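What follows is a set of notes on a single structure, which appears directly below.
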Amino acid sequence: MPMNKFYLLLLFFIVCSCKKNSSQVSSYDASFFSGISFFNSNKISIDTTLINNFKSLDLKLFYKNYDNQTVWESKLHREFIIAELSNASTEGLQPEDYECKKLISYENRYEKLEDSSLVNYDLLLTKNLQLYTSHISKGKLDPKKLYDDWDLKTTEVDINKILFDAIENDKLASEIEKCKPNHEVYKKLKRCLTILNAFPKDSIPFISLKEKIIPNKKNKAVINLKKRLMYWHDLKKRDTLTTVYDKETQDAVKVFQDRHGLLSDAVIGKSTLEALNFSRNQRLEQIIVNMERWRWFSRNFGNHYLLVNIPDYNVVAVKNNDTTQTQRVVVGKETRPTPILDSKISNINLNPNWTVPPTILKEDIYPEAIKNKGVFRKKGLTIIDRNNNEVNPYSWNIDDANKYKYIQNPSRNNSLGSMKINFPNKYSVYLHDTNHRNFFSFTFRSLSSGCVRLEKPLEMATYILNDSVKWSLKRIKDTTDISYYYKLKLKKEEAQEIKNAKLLAKNPSLIIVKKTFEKPELKTIVIKINEEILIHQLYWTAWEKAGKLQFREDIYCLDSNLYSKLRYH
């Protein structure tokens, strides 16, 4: 009990002892105690000036709900708050952001604190718990303030409602736990953080190659290669180390490469070397920034969605928590990154035409056209003016360039290929086929101008349309294949010839005007998607799979910068 209260209570007993009438003392005693608030409650009134000094609306509303009195009289509550904030590092956050040392100091002296110190302690507990709750609920930083190409739905969190409910129902621990992302990837990242923190200090020298490491040959760099593979548990520890790049080490390199999304060929190339030379601390930073990103992502991806992980060059389709399809993708290059977004699929275009976007026109088409106007026909582009008339490419002038639209007609070889998937977004991006189908054999696939290219676009269209009668895979393939229409034309011509032959057999003098059929061409077909299928284009470079740490190249160089902002913001 604080000393000032102790002295007040002592004074009361002294006064009472001076009373001559015991019955009066008993009666006065009861009324006196009922009027002293500290006897019924340890709450202390807080001057609103102190609350306003924090310049926090949440703090102000929190204490208004409790009549501007102290809240944290429960030792269990205080100890939970301090323990949770002190363990913030398990969430990839920093305990020092929540004034843990100061809170612990107050708690250790709690029974001796003056009222003014109790008030300050209460305010600091609330302020830091609110801050922590906000951080674990929606992230420490706001991606929309950091990036121009991140358009995720903002997580709305009523921090005070969470705390009011937690206090009222005495469920502070469980309610705070609910604020953390419930994604399995996030939970596994927490385990990765624990695993990596248990690794010994990384003091192994970086691998420096002066010559190529050849299988079954000696190379001095192999010693450090083996040490790093053993450090990461990809190679079993040995009593002796040799300079020979033996089969066991080659197999370990393949395992390492697979964990890093590289071609598992045991060749120590540039990408493998860079991954090998990442330190433990760099990997810890990578995990921490990915945990922050998962706090930005939606808590609920929906029952049916496509999920693109940009650095992994991969898309999965998930329905009712079951992965129903997966395939490789090509994503935007560093100078034209694929945006991070949430949306809903609206329609599919079979045989899409392609209107060249402004960025590609400015950076690619115009510079080439100034040198050689033949580039328009070379790329299959038709120039259309504002009256929808076609413009002769050789009369094109850079001064009038922005008055026109530049369109590629439907073709398997146009930039969108045979299919595209549309969804509302402010970046004018979509998922689509491509005329560069060889790109999917590459390990590094950050090669597009921002859109996501699909390895198996027609299979994805079949999956999304989900109509085996009207839109089977065969029907879609036929619809997008110009040779199919030529075959139909040929059949019509053959049928017409047979019909004419029969007519002439009956009447040899009959004059038959030969019927001509239009030259086949692909026409754009737009198919609306009525089922709610969401799409999430996300960015994460670290996770855990089957008990093994997985890392991917930070293709847009975001990790290091984000870590700096998390630690020094």
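All C-alpha pair distances within region 342-407, sorted into 5 Å bins from zero, spread as 4, 15, 27, 24, 12, 8, 6, 4, 1 percent across the bins. Extent of the chain along its three principal axes (Cα atoms, max minus min coordinate, largest first): 146, 67, 51 Å. Ordered from largest to smallest accessible area (heavy atoms of protein chains, 1.4 Å probe), the residues His77, His436 come out as His436, His77.
By the Stokes-Einstein formula, at 1.306 mPa s and 10 °C, region 109-230 with its Kirkwood radius over alpha-carbon pairs has D equal to 80 µm²/s. Between the beta carbons of Glu497 and Asp399, assuming R0 = 35 Å, the FRET efficiency works out to 0.05 to the nearest 0.05.
Assign one of three labels to region 200-250, namely rounded, prolate or oblate, based on the Cα gyration tensor with a ≥ b ≥ c the square roots of its eigenvalues; rounded applies when a/c is under 1.5, prolate when it is not and a/b is larger than b/c, and oblate otherwise. Oblate is the answer for region 200-250, as a/c is 1.5 or above yet b/c matches or exceeds a/b.
Taken per residue, the accessible surface of the chain reaches 55 Å², heavy atoms only and a 1.4 Å probe. Divide the volume of the convex hull around the Cα atoms of region 281-361 by the residue count and you get 154 Å³ per residue.
Taking the alpha-carbon centroid of each part, what is the distance from region 178-228 to region 88-167 in angstrom? That distance is 33 Å. Each Cα pair under 8 Å and six or more residues apart adds its sequence gap; the mean of these over the residue count of the chain is a relative contact order of 15 percent. Could you tell me what % of all Cα pairs in region 426-569 have separations over 22 Å? Of all Cα-Cα pairs in region 426-569, 67 percent lie more than 22 Å apart. Available extension along the chain between Lys565 and Thr335 is 80.6 nm, counting 0.36 nm per residue and deducting the alpha carbon span. Over region 172-308, calculate the relative contact order: mean separation of alpha carbon pairs under 8 Å at least 6 apart, over the residue count, as a percent. In percent, rounded to a whole number, it is 29. In this label model, Asn65 and Ser203 are separated by 5.2 nm, measuring between points 7 Å along each Cα→Cβ vector. Taking the longest Cα principal axis of the chain as reference, the axis of helix 115-138 is set at about 10 degrees.
Using 0.36 nm per residue and subtracting the Cα-Cα separation, the extra length available between Phe164 and Ser509 on full extension is 114.4 nm.
Sorting Asp165, Asp148, Asp342 by accessible area puts them as Asp148, Asp165, Asp342; the probe is 1.4 Å, largest comes first, and only protein heavy atoms count. Applying 1/(1 + (r/R0)^6) with r as the Cβ-Cβ distance of Thr90 and Phe444 and R0 = 25 angstrom yields a FRET efficiency of 0.15. Per-peptide packing, taken as the mean over residues of other Cβ atoms within 10 Å, places 111-118, 474-481 in the sequence 474-481, 111-118 from highest down.
With 0.36 nm allotted per residue and the present C-alpha distance subtracted, the Asn392-Ile482 stretch has 29.8 nm of extension available. Across all directions, the average projected area of the convex hull around the alpha carbons of region 330-371 is 4.7 nm². Scaling the Cα radius of gyration of region 467-549 by the globular reference 2.2 N^0.38 Å produces a ratio of 2.14.
When the listed pairs Lys201/Lys545; Lys319/Lys378; Lys102/Lys548; Lys333/Lys545; Lys60/Lys188 are checked against a 31 Å cut-off, the alpha-carbon distance exceeds it for Lys319/Lys378; Lys102/Lys548; Lys60/Lys188.
Rounded to the nearest 500, the 222 nm mean residue ellipticity of the chain from helices alone is -12500 deg cm²/dmol, with -39,500 (n - 2.57) taken per DSSP H run of at least 4 residues. If you wrap the tightest convex hull around every Cα atom of region 65-111 and split its volume per residue, you get 97 Å³. Note on region 111-172: Rg/Rh from C-alpha atoms, Kirkwood Rh, equals 1.15. Ligands, DNA and RNA left out, the 1.4 Å accessible surface of the chain is 51% carbon and sulfur atoms. Once the Cα atoms are used to define both axes, helix 559-568 deviates from the longest principal axis of the chain by about 20 degrees.
Between Ile527 and Asn466, the simple spin-label model (points 7 angstrom out along Cα→Cβ) gives 1.3 nm. Summing +1 for each Lys or Arg and -1 for each Asp or Glu among the other residues whose beta-carbon sits under 15 angstrom from that of Arg336 gives -1. Considering all C-alpha pairs of region 340-459, those separated by over 21 Å amount to 44%. Spread over its residues, the convex hull of the C-alpha atoms of region 199-338 is 159 Å³ per residue. Simple spin-label estimate for Lys212 and Asn42 gives 7.4 nm between the two label positions (7 Å along the Cα-to-Cβ direction from each Cα). Share of pairwise Cα-Cα distances greater than 22 Å in region 393-471 is 41 percent (whole percent). Once the Cα atoms are used to define both axes, helix 247-259 deviates from the longest principal axis of the chain by about 80 degrees.
The values are calculated or read from the model by the stated rules, or taken from the named source; none is laboratory data. The shown structure was predicted, so the numbers you read here are calculated from the model rather than taken from an experiment. Quick reminder, even Gly has a Cβ in these numbers, built from the backbone with ideal geometry, and neighbours come from all protein chains shown. Just the protein is used for accessible areas: all its heavy atoms, side chains included, with ligands, DNA and RNA removed. Shrake-Rupley method; radii C 1.70, N 1.55, O 1.52, S 1.80 Å.
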